[in-house]
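Okay, structure first, notes after.
The values are calculated or read from the model by the stated rules, or taken from the named source; none is laboratory data. What you see is a predicted model, and the numbers here were worked out from it, not measured in a lab. Here Cβ is always computed from backbone atoms with ideal geometry, including for glycine, and neighbour counts include all displayed protein chains. Heavy atoms of the whole protein, side chains included, go into the accessibility calculation; ligands, DNA and RNA do not. Shrake-Rupley method; radii C 1.70, N 1.55, O 1.52, S 1.80 Å.
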Amino acid sequence: MNFDFTDDQHEIKRTARDLLGSRSTFEKVRHAAEGKAYDDALWTELVGLGWPGIAIAEEYGGQGLGSVELAILAEELGHAVAPSPFLSTVTAAAVIQACGSDEQRSRWLPALASGEATGALGVADGLVPDADAAAVIVLLDADGAARVLARADADVTPVDSIDPTRRTARVSAPPGRGEPLAGEGRHGTDRATVAVAAELVGVSQRALEMTVAYVKERRQFDTPVGAYQAISHTCAKMLKDTEGARSATYFAAWAADAEPERLAEAASLAKAAASDGARDVTAAAIQAHGGIGFTWEADVHWLYKRAQVGAALLGGSAPHRARLARILAARLSPTAV
Amino acid sequence: MDLTFSDSEAAFRDELRAWFATNDPGPEPSGEDANYAWRRDWQRRLAEGGWAGVHWPREYGGRGATLTESAIFFEELGRARAPLPANVLGLLLAGPTLMTYGTDEQKDRYLTPILTAEEIWCQGFSEPEAGSDLAALKTRAVKDGDGWVVTGQKVWTSGAQHSKWCMLVARTDSEVPKHKGLTYFLMDMEQEGVQVRPLVQITGEPEFNELFIEGARIPDENVLGGVGNGWKVALTTLMNERSGLAFFLQVRLRQLLDELVEEAAARGLLDDPVVADELGRLHMKAEILRLTAYRGLSTIEKYGAPGPEGSLTKWMWSETNQELAQFAADLLGADALTMGNRWAYELLRSRGNTIEGGTTEILKNIVAERVLGLPRLKGATA
Ligand SMILES: Cc1cc2nc3c(=O)[nH]c(=O)nc-3n(C[C@H](O)[C@H](O)[C@H](O)COP(=O)(O)OP(=O)(O)OC[C@H]3O[C@@H](n4cnc5c(N)ncnc54)[C@H](O)[C@@H]3O)c2cc1C
């Protein structure tokens, strides 16, 4: 039992943190969000590093690493609030890889792995982040089945979501359009769900770091506000929520590859914890910043917005908690539920 | 990252399960004294099986288990629905503190009777005027010949009524700043001058006590870690307190939650979305506790001593345990409120979880100051 990253995994995390720290500054995030565009230079660089294909099998042009490595990158891109279609591309690919036939994988994955095409994943008729710019869309229908569509086969209506760092759209496609994926959609969406949870952990971590730095400096009544327990205890809770969500997310990422029979439960655990955590942590970050935290000028709102949209993606906390209860009840007594 | 247990860890778990399968503590008796006798007997059997000091080094009669194996032990202990051994404070707190700071003579003298439950230990830290602010304690030890004479009062001393020895922190120098004038003593409870008075708790049971100390004598050889070093030695004890129990407690929490889910299913309540949501949330919190505790283990195994992060799991456990009891009361209504019902007991006992072993507020201070590096308010230290 070793819950620590391997040296290679630590290295991936460090490299990603360093790179994004200089390339995806809040200045860049702001520029991209206000211009309703991605940071193309950043995307080109990520593609050059092979990040979109990190968890795609080598035979389809990916790096053939696992869900843990994918989670590490998603967390760091969340930490940087990177204005890029990374998360959407890798989650679409995750579903195709887990649920597609060999033929479907060979058709769609190489372009996603190489970054030649970007992807999007979402529920039919719901808000789908990055769909406006995507070439490949994986659509989840109400019955849980997944379809893959070329952009031209889907009806895509751009929508401004509260998170302008993503190019969101409403996507629908009448039955019959696109190709149903061969396997059971759940196996793919659970993997994708873990990546979304990882991004939320990164968002929480950044909000915590920014807040701690701010409350050490900001003074009122001749005292750094971080010395007041209403604030320091809030920060302690931000850490607890972030670390708890991180434990659940790393476990789920590990389970996705090592013990897939535990993935359903682990994915819901991770998503519920990360959604609750990120919403609470980013809201607390705004509160601890006071008036400045409420302005467009300060950067904490990018985190709050990422958290809100991410928390709703692929099921919010409530449906995942209810799923956990069903899984637990079924385990305890096979006849309940 | 690899969360599968290694072959040797799995073998360790199998060996334990086999042992528990043939060693059953029997049903829990009611009543404080009978319960205590049952737990003492249980510890003797654990000791005979070589399991009592599972995390103690072999040279001290322990099993020399790794941290992960020790976690497995506590998980299996909980899973077997066995009680914590009677001398839990001796095993988890006094023993490791003695190993860190004791002289060879002290280790020879005290460690074995701790393992076998022959001599029970209690923790005499808190005082009426010094709880969270432990360093403010007033109990005084005055040098007298080749020993010390102690006068003062301790409070909330768990298990004092059964104890032979007390980990006592007392002030030996009132001229120096408060953290510096303390000394850690091993005090014999069976002497004139030490009076134990039970305090009835919220549950109606006396588990902790007041301790009145009036002219009790402690010989020089019972100073642990040197005169004036009491604060440092006490911190070692507290560190062990917060890191040791997590796995046992988390299994207990899980068992309670499983029982509540079965109860909800039996009453046909699982289709109620509010019920499903809350049970799912409690399941999530219990799992987060387990996983975070395991993450902590890997960190300790790699980087050394437990850090203040251990405060996180204590906080998570106490909060979740309280929420579980409260939700059971919501769900089961009047049934959960009649004395004798286990949920009624949990509803009452769990209130102590966020106070014992450091209050949640103090844990938050520790996280804020030592993990996040936030400035501390004048006077309010952790
Ligand atoms: C079941 C149980 C068993 C126990 N067993 C033992 C034992 O065996 N041995 C032993 O020595 N002690 C034992 N204790 C005592 C326990 O460690 C203390 O009760 C605890 O440390 C709190 O101290 P206090 O009771 O004096 O509360 P106080 O310190 O007076 O606290 C009162 C309130 O003020 C808050 N507070 C205090 N200081 C701060 C601060 N700086 N910042 C924010 N809030 C603060 C507290 O969180 C609490 O809410 C036990 C307690 C319980 C409940």
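Pairs linking a residue in the range B:220-234 that is touching a residue at least 40 places away in the same chain (Cβ under 8 Å) to a residue that is assigned to a loop (DSSP other than H, G, I, E, B) and polar (S, T, N, Q), with Cβ atoms under 6 Å and 6 or more positions apart or on different chains, are B:227/B:172. A residue that is in contact (Cβ under 8 Å) with a residue 60 or more places away in the chain and surrounded by 22 or more Cβ atoms within 10 Å (Cβ to Cβ) can be found somewhere in the range B:261-274. Residues of the range B:338-356 that are among the hydrophobic types (A, V, I, L, M, F, W, C) and closer than 12 Å to residue B:203 by Cα: B:339, B:343, B:344, B:347, B:348. For the range B:212-232, indicate whether the set of residues that are open to solvent by less than 50 Å² (accessible area, probe 1.4 Å), of a type in the set (S, T, N, Q) and part of a strand (DSSP E or B) is non-empty. So far as the range B:212-232 goes, no, none of its residues is open to solvent by less than 50 Å² (accessible area, probe 1.4 Å), of a type in the set (S, T, N, Q) and part of a strand (DSSP E or B). Would you check if there is a residue in the range A:23-34 being within 14 Å of chain B (Cβ to nearest Cβ) and of a type outside the set (D, E, K, R)? No, the conditions are met nowhere in the range A:23-34. Counting only strands (runs of 3 or more DSSP E) that sit completely within the range B:73-187, zero hold 1 or more residues that are within 15 Å of the ligand (Cβ to nearest atom), surrounded by fewer than 18 Cβ atoms within 10 Å (Cβ to Cβ) and among the aromatic types (Phe, Trp, Tyr).
Quick one: how many residues across the range B:193-205 are open to solvent by less than 70 Å² (accessible area, probe 1.4 Å) and closer than 25 Å to residue B:170 by Cα? Residues that pass the stated criteria total 4.
Applying the criterion of being in a loop (DSSP other than H, G, I, E, B) and within 14 Å of chain B (Cβ to nearest Cβ) to the residues of the range A:35-84, the residue that is farthest from residue A:249 (Cα to Cα) is A:65.
For the range B:204-212, the condition holds for no residue, the condition being that it is modelled with pLDDT of 95 or more, closer than 25 Å to residue B:100 by Cα, among the aromatic types (Phe, Trp, Tyr) and not assigned by the TED database to the domain that holds residue B:363. Per the conditions (1) at pLDDT 95 or above; (2) more than 30 Å from residue B:13 (Cβ to Cβ), the sole criterion not satisfied by residue A:5 is (2). Looking across the range A:252-272, just one residue is at the interface with chain B (Cβ under 10 Å from one of its Cβ atoms), open to solvent by 10 Å² or more (accessible area, probe 1.4 Å) and under 21 Å from residue A:318 (Cβ atoms), and that is A:265. Taking first residues from the range B:36-49 that are closer than 9 Å to residue B:23 by Cβ and partners that are part of a helix (DSSP H, G or I) and hydrophobic (A, V, I, L, M, F, W, C), the Cβ contacts under 8 Å between residues at least 6 apart in sequence or on separate chains come to B:49/B:19.
Looking at the range A:291-314, can you tell me whether even one residue there is closer than 21 Å to residue A:86 by Cα, touching a Leu at 6+ places or on another chain (Cβ under 6 Å) and away from every other protein chain (no Cβ under 14 Å)? Taking every residue of the range A:291-314 in turn, at least one turns out to be closer than 21 Å to residue A:86 by Cα, touching a Leu at 6+ places or on another chain (Cβ under 6 Å) and away from every other protein chain (no Cβ under 14 Å).
Can you pull out the residues in the range A:46-86 that are more than 29 Å from residue A:207 (Cα to Cα) and crowded, with 24+ Cβ neighbours inside 10 Å? Correct list: A:56 only. Every listed requirement among (1) in contact (Cβ under 8 Å) with a residue 12 or more places away in the chain; (2) surrounded by fewer than 21 Cβ atoms within 10 Å (Cβ to Cβ) is met by residue B:64 save one, (1). Tallying residues that are of a type in the set (A, V, I, L, M), surrounded by 18 or more Cβ atoms within 10 Å (Cβ to Cβ) and within 30 Å of residue A:27 (Cβ to Cβ) within the range A:159-191 yields 1. Scanning the range A:215-245 for residues that are surrounded by fewer than 20 Cβ atoms within 10 Å (Cβ to Cβ), more than 8 Å from chain B (Cβ to nearest Cβ) and either closer than 18 Å to residue A:305 by Cα or out of contact with any helix residue (DSSP H, G or I) (no Cβ under 6 Å at 6 or more places or on another chain) (or both) yields A:217, A:219, A:220, A:221, A:222, A:230. Considering only residues that are surrounded by 24 or more Cβ atoms within 10 Å (Cβ to Cβ), polar (S, T, N, Q) and within 9 Å of chain A (Cβ to nearest Cβ), look in the range B:283-325 and name the one that is farthest from residue A:269 (Cα to Cα). Restricting to residues being surrounded by 24 or more Cβ atoms within 10 Å (Cβ to Cβ), polar (S, T, N, Q) and within 9 Å of chain A (Cβ to nearest Cβ), the top hit is B:311. Answer yes or no as to whether residue B:5 is within 14 Å of another protein chain (Cβ to nearest Cβ), outside any helix (DSSP H, G or I) and within 30 Å of residue A:252 (Cβ to Cβ). The answer is yes for residue B:5. Say we look at the range B:335-376 and pick out the residues that are open to solvent by 60 Å² or more (accessible area, probe 1.4 Å) and within 11 Å of chain A (Cβ to nearest Cβ); which of these is farthest from the ligand (Cβ to nearest atom)? Among them, the one singled out is B:370. For the range A:87-102, the criterion of being acidic (Asp, Glu) and surrounded by fewer than 24 Cβ atoms within 10 Å (Cβ to Cβ) is satisfied by at least one residue.
The C-beta contact set for the range A:157-182 (first residue basic (Lys, Arg), second residue assigned to a loop (DSSP other than H, G, I, E, B), distance under 6 angstrom, 6+ apart or interchain) comprises A:166/A:129; A:166/A:130; A:167/A:130; A:170/A:159.
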